[in-house]
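Encoded as structure tokens, the structure appears first; notes follow it.
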């Protein structure tokens, strides 16, 4: 049986409001999960039930990563579904058929999907701005859709948004997902030294942003 026939859920039931009932995902840790062995990863390439176990294992983990990166439950759920569609279509060609290899591979797919989402959003924003300037649409009708499903994140997460995309990925994988520099390098397709440099620069930048933020709060 081909794994690509596994019914990946596109539109899971969504909770209403600003992430009501989402605390379990925020506190979800890899070491709280059952161990995934290498044999299961190999079986999942061709076995529907084995793939289903991997899906159940990794769905909350990847959803949490998307939430950290995208800051909205609805878009995070949609992106997570796209990620697992890619996994289902391509797992038969996975070269590193072990637990670590699969984990790094699925995070690579996740990072690529998130980057694609950001590129799409930037193109959409530029097109809408150009249309407003050309008078094609009324500027009063152009309102960014940021109200529904957004999270009221603390200052740290707002500061992370101001980093470059690769720095956001490094910070999230290193400090939220607690991955090693070597694993992050494999996921992002860079050298471990580049990960260390990006992490160092990102933490320095975050420090400056947070210092400025707290100064403004104190002055207010």
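The values are calculated or read from the model by the stated rules, or taken from the named source; none is laboratory data. In this text, all values refer to a predicted model and were calculated from it rather than measured experimentally. Note: ideal-geometry Cβ built from the backbone for every residue, glycine included; neighbour counts use all protein chains shown.
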- [ ] Identify the residue in the range 88-102 that is free of Cβ contacts under 8 Å to residues at least 60 places away in the same chain and either in the same structural domain as residue 179 (by TED's automatic domain parsing) or part of a helix (DSSP H, G or I) (or both) and, among all such residues, is nearest to residue 176 (Cα to Cα).
- [x] 90
Open item on the list: under 21 Å from residue 157 (Cβ atoms) and modelled with pLDDT of 90 or more: which single residue out of 114, 109, 91 fits that description?
Closed with: 114
- [ ] Look through 127, 163 and report the one residue that is buried (at least 17 other Cβ atoms within 10 Å of the Cβ) and either over 16 Å from the mean Cα position of the chain (by Cα) or at pLDDT 80 or above (or both).
- [x] 163
